[in-house]
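What follows is a short report on a single structure.
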Amino acid sequence: MVLMPLSLMKSLLFLAVLLSTTTTARSNAPQVKLGNTTLIGRDITGLKQDFFGGIPYAEPPLGNLRLKPPVLKKHLDSVTFDASNFGLACLQPDVPTSSVSEDCLTINIFRPSNVRPETKLPVLFWTYGGGFQAGSSSMFNGSLIVNRSVERGTPLIYVNFNYRLGPLGFPQGQEAYDKKALNLAIQDEIVALEWVQRNIRAFGGDKNKVTVFGESAGAIMSSILYLNSPLDRLARGVILESGSQASSINFPAIRRQSTWQLFVEGVPSCTSTASSNDTFDCLRQANSSDIFAGLLSGIQSSPDAFPFEPAIDGPGGVYPDLPSRIFENGTFARVPFIAGTSIDEGTFFMPITLNSEEQIHEYLIANFSPPLVSLPELEQAADRILELYPDVPALGSPFNTGNETFGLSSSFKRASAIFGDIWFLSQRRFWQQTASNAGMKSWGYLFTQPQPQNPAYLGTTHSDEIDYVYGQPSDTSPSALKVSVTMMDYWISFATNMDPNDGKGIERPVWEQYTPRNERLVELTGNDIKMIDDTFRKEQMDYINSIPAVFLH
């Protein structure tokens, strides 16, 4: 059993209870001056922290600004601004309409109380995940991260923001390509970072000490910033949790032309334009209710699980080419980073009804078609993948569970291992090896902390590490709390020092830098946090990474 100081355990549990309550206002609410506007925030109950939320960082993307790159909001239009709450989430399915809006491009700040502009604290900037079609900044309370930073004597500011989702954030099709309207959500992230550069000093932050971090779609978006953006001007560090540039399937926009048509067909006032290559004018004149109806229809009707994703936008775009080609050319930003995955990424995405090798083969072909290589080359690669990942339950995911199949076909564990590696683990390794060979500083991790709250067939799967980084694991065992505090300390240390090993906070192993001669990861599990060699499934992932064009990497 892992032991940890009782005081630390009680502190975490107490703060978790505090965060289950809402923040409350007070008569002398915290205030910040931005230009001619006074932002009025609020205290966070029980913590010496200020919150400022719902601040517009871009002009509302409505009317003529709909389906266009974001326009930085340079000043607010009122003498005072109520910043005591999060703004509404962006349009998405399965959320009450009263909680969403197209006018959603807002940013939020958590900071220690009584911080002055000259304090110049480091900044952690979060980008949420959600498959590019769901999520909201209001889901992520950064209070525990800020509190931990203060406890360990390295205070920082936490920032998060909303970005456009679904067809409004990731338009598809030839028209979107022609009008340079692809990857708008990634441009939202860039403009939110531009806002931080302009304004974070007023909150006591240092614009030269910004670390971007995100998970899943948020990590994918942030990793894409390495390809062709002003990342090195906007941030000095990045943390990528379960997402690399090629974790989404990187098709040219034309591949999802039918997906775009499904969206437009669902917009009542624009249905007649759906099959044309001239939909934008009508869509910009539609009301938000019509747009929302189309968004729901487009997502629900599409045959793709994630119909609206980043797309290759060509020279000059934020995603100009396949990552592997940019890696080969060496034309990527040189910004230090942490990158890692959970051990069982693939179980989260695999249908539990998979029950044959033929289905896995079809799944491989369907996911990467039309291929950039010839179809026979894709077929050959699929055959080789099935050879490298045999139908042996003890080799499948969730890993380290022997021959147990949890009442499912052995094909589930086999497919989970294959796609977890293709989409996540191989790509983390590919990016980290590329970066280290270019002389960039980076650190890698593998999250293996057991998850007793998960169905057993999921293992330690995609997104499980988030609550640990935020100090709120649902498992409150000593082991879980230890790995949570350790991760917070590593993350905060990196944000404040550009090195996860500042010697402050909980006692923890030295996290070795990932280099060509030291390809090692920290394994994050509370019972035995240690360094391991980044060689697991080497033959399999070497093969995947040797043919990147086949898998659109």
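The values are calculated or read from the model by the stated rules, or taken from the named source; none is laboratory data. None of these values were measured; they are calculated from a predicted model. FYI the Cβ positions are ideal-geometry reconstructions off the backbone, even for glycines, and counts take in every protein chain you see.
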Practice item. Inspect segment 127-147 for any residue being part of a strand (DSSP E or B), of a type outside the set (S, T, N, Q) and out of contact with any Leu (no Cβ under 8 Å at 6 or more places or on another chain) and give the result as yes or no. Key: no
Practice item. Might you check whether a residue that is in contact with a strand residue (DSSP E or B) (Cβ under 9 Å, 6 or more places away or on another chain) and polar (S, T, N, Q) occurs anywhere in segment 224-231? Key: no
Check your understanding: Does any residue in segment 251-274 that is free of Cβ contacts under 8 Å to residues at least 12 places away in the same chain come within less than 6 Å, Cβ to Cβ, of a residue that is among the β-branched types (Val, Ile, Thr) and crowded, with 18+ Cβ neighbours inside 10 Å six or more places away or on a different chain, and which pairs are these?
Key -> Thr273/Thr279
Practice item. Sort out for me the helices (runs of 4 or more DSSP H) sitting completely within segment 176-262 that have 1 or more residues that are more than 27 Å from His75 (Cβ to Cβ), modelled with pLDDT of 95 or more and among the β-branched types (Val, Ile, Thr). Key: 217-228
Check your understanding: Between residues in segment 147-165 that are not assigned by TED's automatic domain parsing to the domain that holds Ala202 and residues that are crowded, with 24+ Cβ neighbours inside 10 Å and outside any loop (DSSP other than H, G, I, E, B), which pairs lie under 8 Å by C-beta distance while being six or more apart or on different chains?
Key -> none
Revision key, fill the gap. The lone condition Asp278 fails out of (1) crowded, with 23+ Cβ neighbours inside 10 Å; (2) of a type in the set (D, E, K, R); (3) more than 17 Å from Thr127 (Cα to Cα) is (1)
**Study point:** Neighbours by Cβ (under 6 Å, 6+ apart or cross-chain): first from segment 120-135, outside the structural domain of Phe213 (by TED's automatic domain parsing); second part of a loop (DSSP other than H, G, I, E, B) and not hydrophobic (A, V, I, L, M, F, W, C)
**Key:** none
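Give me a count of the residues in segment 336-374 that are among the β-branched types (Val, Ile, Thr) and surrounded by fewer than 22 Cβ atoms within 10 Å (Cβ to Cβ). Before you say what the answer is, go through the steps one by one.
Of segment 336-374, the ones among the β-branched types (Val, Ile, Thr) are 338, 341, 343, 347, 352-353, 360, 365, 373.
Restricting the remaining residues to those that are surrounded by fewer than 22 Cβ atoms within 10 Å (Cβ to Cβ) gives 352-353, 365, 373.
Here the count works out to 4.
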Revision key, fill the gap. Checked Pro60, Pro70 against criteria (surrounded by 14 or more Cβ atoms within 10 Å (Cβ to Cβ), within 22 Å of the chain's Cα centre (by Cα) and of a type outside the set (Asp, Glu)); the one match is Pro70
Study note, to complete from the structure: Checking Gly444, Gly439, Gly396 in turn, the sole residue that is surrounded by fewer than 19 Cβ atoms within 10 Å (Cβ to Cβ), at pLDDT 95 or above and either within 30 Å of Leu322 (Cβ to Cβ) or basic (Lys, Arg) (or both) turns out to be Gly439
